[in-house]
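**Q** Supplied in structure tokens, the structure appears directly below.
The values are calculated or read from the model by the stated rules, or taken from the named source; none is laboratory data. Since we're looking at a predicted model, the values are computed, not measured. FYI the Cβ positions are ideal-geometry reconstructions off the backbone, even for glycines, and counts take in every protein chain you see. Surface areas here come from the heavy atoms of the whole protein model, side chains and all, with no ligands, DNA or RNA. Shrake-Rupley method; radii C 1.70, N 1.55, O 1.52, S 1.80 Å.
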Amino acid sequence: MNGDSFSAGERIVSPAYIRQGREARRSHEQLIRVLLEKGKCPPDAWDESTIELFLHELAVMDSNNFLGNCGVGEREGRVACGLVSRRHYRLIHGIGRSGDISAVQPKAAGSSVRAATSCFVVPMATGMSLTLCFLTLRHKRPKAKYIIWPRIDQKSCFKSMITAGFEPVVIENVLEGDELRTDLSAVQSRICELGAENILCVHSTTSCFAPRVPDRLEELAEICAKYDIPHIVNNAYGVQSSKCMHLIQQGARRGRIDAFVQSLDKNFMVPVGGAIVAGFNESFLEEISKMYPGRASASPSLDVLITLLSLGASGYKRLLTERKVLLHKAYLHAE
């Protein structure tokens, strides 16, 4: 409702009551305006009515929701079932265009509202998102056949390299105390043996299961910088871990990290099916987004948007703090 609508309402309901309603509406709109202006997660949680108002305002900007519109083209957002439409808050067009997952859609201004530039959401889980990164690197290193991979016993990251058409060069870990750690000397030996130009990238891992510990990211980043080899990090569980994120920051500062991939469901408590591809080089991230063929589902992006608005930055940080406290208690109990 705009000012004219509220003024018209004063002919039906007491102006004093209309003013109260108008101020209440304005408080919701203020939160939405600040979000769009600043382009970042609000510090405090939004209530569900504000979130739903925001999603409704976005949806009415998409052409499939225009009053009197009868789309006859191939991209008109037609949905047969009203339940399906409501499940997606009538944001039907998805994200991106045929040549770029991050491109704005002319018929879907609401669905195209985004702010991040150093990361983007992909409607695929971690393994396929890693594959997308490897396929992007193929164009930069056409001679490459191998990916250096410190071993982690997890199928999806192994299959991500096979699916992209590359041969994983498995680096066995070394036992140090009761931990399995990255064998840096073996990594360098294999690089020298195979030739740096024949290696697509080093594929490292931050989070895994004991006794395997996070890779020596800082040292691997330095090796990648030394031999001019790209470095892709499987950071599937890492956003929730300050240690993992610190390793990535230090690796980028001391050496080379081209991109790191994290799961939405593992870090943001949303349904399975999405990942965040992030990095420190915006041009490379743009190349990855353009490698995605066609448009994409908006569901993972919408899920994480709703979740973060419902938590607020302070709520998400509180969960991270609680995780640390529980981990510390677990260590004390084990001792």
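**Q** Any idea what diffusion coefficient the chain gets from Stokes-Einstein, in µm²/s, Kirkwood Rh on alpha carbon pairs, 20 °C, 1.002 mPa s? Could the numbers behind the result be given before it?
**A** Working: Rh = 22.4 Å.
Translational diffusion coefficient: 96 µm²/s.
**Q** Mind ranking 127-138, 193-204 by how tightly packed they are, going by the mean number of other C-beta atoms within 10 angstrom, highest first?
**A** Numbers: 127-138: 22.3, 193-204: 19.7.
So the peptides 127-138, 193-204, ranked by packing, come out 127-138, 193-204.
**Q** I've got another one for you. Among Val187, Pro150, Met161, pick out the residue whose Cα is farthest towards the positive end of the charge dipole of region 146-208, where Lys and Arg carry +1 and Asp and Glu carry -1 on C-beta, about the Cα centre.
**A** Result: Met161.
**Q** For region 12-104, which GluC sites (Glu not before Pro) pass both filters: DSSP loop (anything but H, G, I, E, B) and at most 13 other C-beta atoms within 10 Å? Display every interim value, and only then the final one.
**A** Values: sites: Glu23, Glu29, Glu37, Glu48, Glu52, Glu57, Glu74, Glu76; in loops: Glu74, Glu76.
Sparse-neighbourhood loop GluC sites (Glu not before Pro): Glu74.
**Q** Right, next: Which of the aspartates and glutamates could be linked to Lys140 by a straight reach, that is with a Cα gap under 19 Å, when you skip same-chain ones fewer than 8 residues away?
**A** Correct list for Lys140: Asp100, Glu167, Glu197, Asp228, Asp258, Glu282, Glu286, Glu287.
**Q** Compute the long axis of helix 242-254 from its Cα atoms, compare it with the longest principal axis of the Cα atoms of the chain, and write down the angle in degrees, 0 to 90, nearest 10.
**A** 70
**Q** What is the dipole size for region 217-265, taken about its Cα centre, with +1 at each Lys and Arg Cβ and -1 at each Asp and Glu Cβ, in debye to the nearest 20? Before the final figure, lay out each step's value.
**A** Details: 5 positive and 6 negative charges, 29 e Å.
With only Lys, Arg, Asp and Glu charged at Cβ, the dipole is about 140 debye.
**Q** If you take the charge dipole of the chain about its Cα centre, with +1 on Lys and Arg Cβ and -1 on Asp and Glu Cβ, which of Val233, Leu327, Ile92 is farthest toward its positive end?
**A** Sorting the options by dipole projection puts first Ile92.
**Q** Okay, moving on. Have a look at the DSSP beta bridges in the chain and tell me what percent are antiparallel, nearest 5. Mind showing how you got there, number by number?
**A** Details: 14 of 30 bridges.
Once the DSSP bridges in the chain are tallied, antiparallel ones form about 45 percent.
**Q** Going by a ≥ b ≥ c, the root eigenvalues of the Cα gyration tensor, does region 130-205 fall in the rounded group (a/c under 1.5), the prolate group (a/b larger than b/c) or the oblate group? Mind dumping the intermediate values first?
**A** Details: a/c = 2.85, a/b = 1.44, b/c = 1.97.
The shape class here is oblate.
**Q** What accessible area, in Å² to the nearest ten, does a 1.4 Å probe give for Leu332?
**A** Its accessible surface works out to 100 Å², give or take rounding.
**Q** How far is helix 299-334 tilted off the main Cα axis of the chain, in degrees rounded to 10, range 0 to 90?
**A** Approximately 50 degrees, to the nearest ten.
**Q** Leaving out ligands, DNA and RNA, and with a 1.4 Å probe, what % of the accessible surface on region 192-335 is carbon or sulfur? Intermediate values should be presented prior to the final figure.
**A** Details: 3840 of 6720 Å².
Reported share for carbon and sulfur atoms: 57 percent.
**Q** Enter the angle in degrees (range 0 to 90, nearest 10) between the Cα long axis of helix 217-227 and the first principal axis of the Cα atoms of the chain, meaning the one along which they spread out most.
**A** Approximately 70 degrees, to the nearest ten.
**Q** Roughly how many Å² is the accessible area per residue of the chain, as a whole number, for a 1.4 Å probe?
**A** Details: 17930 Å² over 335 residues.
That works out to 54 Å² for each residue.
**Q** Tell me the mean residue ellipticity at 222 nm calculated for the chain from its helices only (DSSP H runs of n ≥ 4, each -39500 (n - 2.57), averaged over every residue, nearest 500).
**A** Values: 12 runs with 159 residues, N = 335.
Computed ellipticity for the chain at 222 nm equals -15000 deg cm²/dmol.
**Q** Could you run the Karplus curve 6.51 cos²θ - 1.76 cosθ + 1.60 with θ = phi - 60° over region 16-30 and give me ³J(HN,Hα) per residue in whole Hz, x for Gly and Pro?
**A** 5, 6, 4, 4, 4, x, 5, 5, 4, 4, 5, 5, 5, 5, 4
**Q** What are the residues whose amide H is under 5 Å from the amide H of Gly274, where those residues sit 5 or more places off or on another chain and H is modelled from the backbone?
**A** Leu264, Asp265
**Q** Next up: Set the Förster radius R0 to 56 Å, insert the Cβ-Cβ distance between Tyr331 and Arg11 as r into 1/(1 + (r/R0)^6), and round the FRET efficiency to 0.05. List each step's numbers first, then the result.
**A** Values: r = 67 Å, r/R0 = 1.20.
The value I calculate is 0.25.
**Q** On to the next question. Can you compute the FRET efficiency between Asp44 and Arg323 using 1/(1 + (r/R0)^6), with r the Cβ-Cβ distance and R0 = 22 Å? Round to the nearest 0.05.
**A** Details: r = 20 Å, r/R0 = 0.93.
So the FRET efficiency works out to roughly 0.60.
**Q** Sorted by average packing, counted as other Cβ atoms within 10 angstrom per residue and highest first, what order do 79-87, 270-278 take? Present the calculation step by step, with values, prior to reporting the outcome.
**A** Values: 79-87: 10.6, 270-278: 19.6.
The densest-packed peptide leads the list: 270-278, 79-87.
**Q** Could you tell me what percent of the accessible area of region 8-86 is made up of carbon and sulfur, with a 1.4 Å probe and every protein chain present? Working shown, then result.
**A** Values: 3100 of 5550 Å².
The value for region 8-86 is 56 percent carbon and sulfur by accessible area.
**Q** On a 18 Å Cα-Cα criterion, which of the cross-link pairs Lys155/Lys243; Lys143/Lys290; Lys145/Lys290; Lys243/Lys317; Lys266/Lys324; Lys40/Lys243 come out too long?
**A** Numbers: Lys155/Lys243 24 Å; Lys143/Lys290 22 Å; Lys145/Lys290 22 Å; Lys243/Lys317 14 Å; Lys266/Lys324 16 Å; Lys40/Lys243 23 Å.
Long pairs (Cα-Cα over 18 Å): Lys155/Lys243; Lys143/Lys290; Lys145/Lys290; Lys40/Lys243.
**Q** Would you mind checking which residues have amide H under 5 Å from Ile171's amide H? H placed 1.01 Å from N; only 5 or more apart, or other chain.
**A** Residues meeting the criterion, in which the H sits 1.01 Å from N, are Trp149, Arg151.
**Q** As a test question: what accessible area, to the nearest 10 Å², does Tyr331 have when a 1.4 Å probe is rolled over all protein chains in place?
**A** 140
**Q** Then there is this: To the nearest 20 debye, what is the magnitude of the charge dipole of the chain about its Cα centre, counting +1 on the Cβ of each Lys and Arg and -1 on the Cβ of each Asp and Glu? Kindly include the intermediate steps, with their values, before the conclusion.
**A** Values: 41 positive and 36 negative charges, 94 e Å.
I would put it at about 460 debye.
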